[in-house]
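In what follows, a structure is listed as structure tokens, so that the remarks can point back to it.
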Amino acid sequence: MSDQTDLIQGTLDLLILRTIALEPMHGWAIAQRIQQISDELLRVQQGSLYPALHRLEHQGWITAEWGVSETNRRARFYSLTKAGRKQVATELSKWERLSAGVNLVLART
Amino acid sequence: MRLWHIVRTRTASLLFRRRREAELREELQQHIDRETERLRAAGIAPEAARQHAVHTFGGVEQIKEACRDARGTGAIDAVSRDTRFAARRLARDWRFTVAAVLTLGLGIGANTAIFSLVNAALFRPPISADPDRLVDLYQNGSNAGGIDGNSYPGYLDMAASTDVFAGVTAALVPLGVSYLDDGALRSALAEHAAANYLSVLGLEPALGRWFSAAEDTPGAAVVAVLGHEAWTTKFHADPLVIGRTIRVQGVPVTIVGVGPAGHRATVDIGLVTDFWLPIQSLPAFGAPPRALTRRPDEAGFTVKARLRDGVTVAQAQAAMRILGTRLAAEYPNEDAGKGISVFASRDVRIHPQMDGMVRVIAAILLVVVGLVLAIACTNLATLLLVRGTARAREVSVRLALGATRSQLVRFLLTESLLLAATGSVAGCLLAWWATRWLAAVDLPIVVDLSLDYRVLGFAAVISVVTGVAFGLAPALAATRVDLAPTLRGAETRSSESRWLTLKNALVVFQVAVSVALLGGTSLFLQLLSASRAVRAGFAIDGVAMLETDTRYAGYSDSDAGQALEEIRRRIAASPGVQHAVLTRGLPLQREGFPVVVEGTTAPAGVTASARRASATWIGPGYFDALRIPILHGRALDGRDRAATPRVAVVSESMARDCFGTADPRQAVGRRFRLERETGADAWIEVVGVARDIRADLIDPQPQVFYRSFAQWGAMPTALVARTSLDGAGLVRIMQRELRAVNAGLPVVSAGTMAQSLEASLAAPKAVATFLAGLGAVGQCLAGVGLYAVIAFAVARRAREIGIRMALGAQRGQAVWAVARDVAVLVGVGTGAGLALTLLAILALRSVVVATPGIYVYRPTADPLALLTIAAFMAMVGLAAAYLPARRAAMVDPLVALRRD
């Protein structure tokens, strides 16, 4: 587990928004997807995932609906709201500026 | 869109909390299940897979809490949780809760009720448009420049000063009138006002119109404007009332309008004016012509003026000074030495010379009641402190288990605020009931005593401030507990042996004040019984009276006399009736006049009271009917007619004091006259001396002269009869005969002599009840205070009591150890209260100065009453101490020792 990186504060929101932008997903699947796509480099703690999901719903970026999962179980599916889609773009540009800035600093020293 | 979404999810989170919790649980469970499946699919044994999934998931409850916090409903959840928990705690400690709510309720209730009274009299400004430009004008009294009212001609002179005033208007002080409505005679207040009254105030009638200048002329048909409150309460807010003719004082009056809403009276002291009538209609209502003349004793008009644009109050005052000087020169007899004072209306509440006193009285009332509330709040703080001490262990356990101080303070504060809210609701209910009760007290005037928003606001502010004040201090103290010693049970006991604590002082103070209030009550009860005892010199049993008003039945004066005589004859002929006579006014109603006795010099240097006497107008047989003995000379009878010389019978006291004779016999044959009547035929000869009748404490030696209707020409208005049978039955007979002669004659008043005498004691009775009520509130508060102090002492000394009992002390000794404290506090408090009462009695006795003709009741200390009060207080104190003392004695020594 030492090769897995803890997420920087605030990036989890972006990852969640970006992940469910493709299709509505439930909590477990979101965690799995982030892990898979990042080649197991990023690991989402349940302790932060669910509060983050509820916070995003509370802020109106995402909405939740009960549906049936791929294993025929009742699950809570999260999808982006209209405002959420705009938010993804905002968060993305914010992230790009941040990482660019960090990279620049690292490259010059 | 997003906003709508947010509102929807947040409302749902709040409203469907239970469902939300279930969903959260299901969602997290689903995650664990799915993870378990994944691990099993990877080939791990089912049990191990589940364990691993649960393990990696982490603390489910923490995640749930984090999710709730993320939803932002955490704070509201916490508050509602705290509230529910506090409510459960309060319900469990119901004894404490009842004591606390009672304390607060009484404190806030008494405050709100008294504030309603003060509010009605002081804080409600009379309404008018642009009140800053209104001024009040007063003619100064001729004596030492005091400020007086205005005469009608004086008002007209001021109204002519159009250079400084845009408009000047006047209204006479309210008069009590009767009016006929639905066949029943009702009483009301009427103000006679000028035609420009509303326009000067800048107000509009709510309905119809104000009367015109043409209607305010002598001899015009009388019109009236209804007060808005009279319209809504007495005339059911009926718009068709406009144009209706009703009878006021027997005079037909056409209603032309309804006054503006919220405008109660010219001088707004809580009295409500029902009818507004033109000033010039005064003679139509029977007022003598001098009412509108320039006489110093006819100065009952309030004058209000609107300043011309750009004119200041000082400029108006200067103009009025000139006018005052001119009037003094023009009317040396009436207006000499007088000036005119101008006050901005907003600076005057009732009258410039009375305002200071009214404010002082109001301030005293508020201070007294504020003191009661302060005691109530301190009581509560003590109660909460007692609980805090008893709960010190609970608090330290919570702190040890990881509760934060802020969580604890929040919870304890919630509890106090919940208590304060319950207490203030109880207080408002109590105040509502108290003002209704006050309003139901049969006073001769209508006082507007509604609970308005200011009063409610006052109560709300008091309760919130109280809640925070008494909640925060004990709450903070409770959390500042030093953990280790409290958990071990070693409590500090430094304050225990001190006697001179604030708490004890407050309890003693409460006991003293409530004892003093009860002492005051006993004084008034004494006054009542003395009032009843002093009545002598006339018949009470079997005497009944009936008053009517012939004007309502449309009689001419001579017809009215015959009709009344017919009623008298029929009553006299009824079975059991021994006497029936006609009178004017009821037997004990009197009207005082300044009199001049022949052969004495002008009244200069003689006290005014010695020269005043009251007139009673009677028909033949009056002295027999009321069993008043004629001591010298003769009674009035059929010999005294309009053509014969004027004669009178005078009372013993009048014979002695007015005529200055040691022997009343010598007054017979002498003559006197009313000061205002001059001329040769004004002299009245004394033909007899009747024994004094004493009816009240204010004037037990009344100077009365009796005169016959036959010599005056005024109509009788009432009948007095005496029966050998039941007086109440006689009242029914009299009413029956009245109706039999003319069903249109209204009953102004009817009752037995005993009832009428009892009714005259309404005011001292009301004061006695009020004091007794406050005394009872004081007793309740003092009882609660004692309970709290003793409970506190017991809680602190449980260990000591346990040790004593383990060492063999008897139960009684343990109770005594606790009860001793109560006994000392109650003893000191009662002693102080009794001393206060005695001081008040002494002060009252020393204030009373012997004034001829005016007798003031001198109270005496009644040992029996004072003993009763002391015993009552001791009982309340012991009852309050019984519960905690019994609990102390019931303590199982082992439990007490183990617990602490």
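Check segment A:41-53 and report whether any residue there is under 25 Å from B:Trp4 (Cα atoms) and aromatic (Phe, Trp, Tyr). Yes, segment A:41-53 has at least one match. Residues that are of a type outside the set (D, E, K, R), open to solvent by 10 Å² or more (accessible area, probe 1.4 Å), part of a helix (DSSP H, G or I) and in contact with a Phe, Trp or Tyr (Cβ under 8 Å, 6 or more places away or on another chain) occur at least once in segment A:8-22. I'd like the full set of residues that are within 11 Å of another protein chain (Cβ to nearest Cβ), open to solvent by less than 60 Å² (accessible area, probe 1.4 Å) and part of a strand (DSSP E or B), limited to segment A:26-68. Passing the criteria: A:His26, A:Ile62, A:Thr63, A:Ala64. Please verify whether segment B:554-562 includes one or more residues that are in contact with a strand residue (DSSP E or B) (Cβ under 7 Å, 6 or more places away or on another chain) and either open to solvent by less than 70 Å² (accessible area, probe 1.4 Å) or not in a loop (DSSP other than H, G, I, E, B) (or both). Checking segment B:554-562: not a single residue is in contact with a strand residue (DSSP E or B) (Cβ under 7 Å, 6 or more places away or on another chain) and either open to solvent by less than 70 Å² (accessible area, probe 1.4 Å) or not in a loop (DSSP other than H, G, I, E, B) (or both).
The set of residues in segment B:853-891 that are modelled with pLDDT of 80 or more, touching a helix residue (DSSP H, G or I) at 6+ places or on another chain (Cβ under 6 Å) and over 30 Å from B:Glu800 (Cα atoms) comprises B:Ala865, B:Leu866, B:Ile869, B:Ala870. Only a single criterion out of (1) within 22 Å of B:Thr266 (Cα to Cα); (2) in contact with a strand residue (DSSP E or B) (Cβ under 6 Å, 6 or more places away or on another chain) is not satisfied by B:Ser199, namely (2). Out of B:Ala728, B:Ala655, one residue alone is outside any strand (DSSP E or B) and farther than 30 Å from B:Val577 by Cβ. It is B:Ala655. When restricted to residues that are open to solvent by 60 Å² or more (accessible area, probe 1.4 Å) and more than 9 Å from chain A (Cβ to nearest Cβ), segment B:18-64 contains 17. Beta carbons closer than 9 Å, at least 6 apart along the sequence or on distinct chains, pair a first residue in segment B:416-435 that is farther than 21 Å from B:Thr83 by Cα with a second that is open to solvent by 10 Å² or more (accessible area, probe 1.4 Å) and outside any helix (DSSP H, G or I) for B:Cys428/B:Leu451; B:Ala431/B:Leu451; B:Trp432/B:Leu451; B:Thr435/B:Leu449; B:Thr435/B:Ser450; B:Thr435/B:Leu451. Take B:Arg405 and tell me if it is open to solvent by 60 Å² or more (accessible area, probe 1.4 Å), modelled with pLDDT of 75 or more and among the charged types (D, E, K, R). Against the criterion (open to solvent by 60 Å² or more (accessible area, probe 1.4 Å), modelled with pLDDT of 75 or more and among the charged types (D, E, K, R)), B:Arg405 qualifies.
Listed here are the residues, each with its yes/no results for (1) open to solvent by less than 50 Å² (accessible area, probe 1.4 Å); (2) modelled with pLDDT of 85 or more; (3) under 18 Å from B:Gly783 (Cα atoms); (4) assigned to a helix (DSSP H, G or I).
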position: B:Ile801; (1), (2), (3), (4): yes, no, no, yes
position: B:Ala809; (1), (2), (3), (4): yes, no, no, no
position: B:Gln813; (1), (2), (3), (4): no, no, no, yes
position: B:Trp816; (1), (2), (3), (4): no, no, no, yes
position: B:Asp821; (1), (2), (3), (4): yes, no, yes, yes
position: B:Gly829; (1), (2), (3), (4): yes, yes, yes, yes
position: B:Ala832; (1), (2), (3), (4): yes, yes, yes, yes
position: B:Ile841; (1), (2), (3), (4): yes, no, no, yes
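Condition first: open to solvent by 10 Å² or more (accessible area, probe 1.4 Å) and under 28 Å from B:Asp309 (Cβ atoms). Can you find one or more residues in segment B:190-198 that meet it? Yes: one or more hits.
If the requirement is being over 20 Å from B:Gly176 (Cβ atoms), surrounded by fewer than 19 Cβ atoms within 10 Å (Cβ to Cβ) and under 36 Å from the mean Cα position of the chain (by Cα), which of these qualifies: B:Val303, B:Val313?
Result of the check over B:Val303, B:Val313: B:Val313.
Over 30 Å from the mean Cα position of the chain (by Cα), at pLDDT below 80 and either open to solvent by 40 Å² or more (accessible area, probe 1.4 Å) or within 14 Å of chain A (Cβ to nearest Cβ) (or both): does that describe B:Arg71? It would help to see each step written out before you state the result.
Working: over 30 Å from the mean Cα position of the chain (by Cα): yes; at pLDDT below 80: yes; either open to solvent by 40 Å² or more (accessible area, probe 1.4 Å) or within 14 Å of chain A (Cβ to nearest Cβ) (or both): yes.
Against the criterion (over 30 Å from the mean Cα position of the chain (by Cα), at pLDDT below 80 and either open to solvent by 40 Å² or more (accessible area, probe 1.4 Å) or within 14 Å of chain A (Cβ to nearest Cβ) (or both)), B:Arg71 qualifies.
Contact map, segment B:161-175: residues that are surrounded by 18 or more Cβ atoms within 10 Å (Cβ to Cβ) paired with residues that are aromatic (Phe, Trp, Tyr), Cβ distance under 6 Å, separation 6+ or inter-chain. Pairs shown: B:Thr169/B:Tyr197; B:Ala170/B:Tyr155; B:Ala170/B:Phe301; B:Leu172/B:Phe301. Taken together, B:Gly243, B:Gly208 contain a single residue that is exposed (fewer than 14 other Cβ atoms within 10 Å of the Cβ) and of a type outside the set (Phe, Trp, Tyr), which is B:Gly243.
In segment A:71-86, the qualifying residues are those that are more than 9 Å from chain B (Cβ to nearest Cβ) and in contact (Cβ under 8 Å) with a residue 24 or more places away in the chain, and the one that is least open to solvent (accessible area, probe 1.4 Å) is A:Tyr78.
Residues in segment B:30-86 that are aromatic (Phe, Trp, Tyr) and under 17 Å from A:Gly27 (Cα atoms): B:Phe57 only. Within segment B:202-221, identify whether any single residue is part of a loop (DSSP other than H, G, I, E, B), within 31 Å of the chain's Cα centre (by Cα) and of a type in the set (Gly, Ala, Ser), and answer yes or no. Yes. Here is the figure for segment B:659-677: residues that are touching a residue at least 40 places away in the same chain (Cβ under 8 Å), open to solvent by 70 Å² or more (accessible area, probe 1.4 Å) and aliphatic (A, V, I, L, M) total 0. One residue stands out among those in segment A:87-104 that are within 14 Å of chain B (Cβ to nearest Cβ) and polar (S, T, N, Q): the one that is most open to solvent (accessible area, probe 1.4 Å), which is A:Thr90.
The values are calculated or read from the model by the stated rules, or taken from the named source; none is laboratory data. If you're wondering where the values come from, they're calculated on a predicted model, not measured in any experiment. Cβ: placed from backbone, ideal geometry, glycine included. Neighbour counts: every protein chain shown. To get the accessible areas, we keep the full protein, side chains included, count just its heavy atoms, and leave off ligands, DNA and RNA. Shrake-Rupley method; radii C 1.70, N 1.55, O 1.52, S 1.80 Å.
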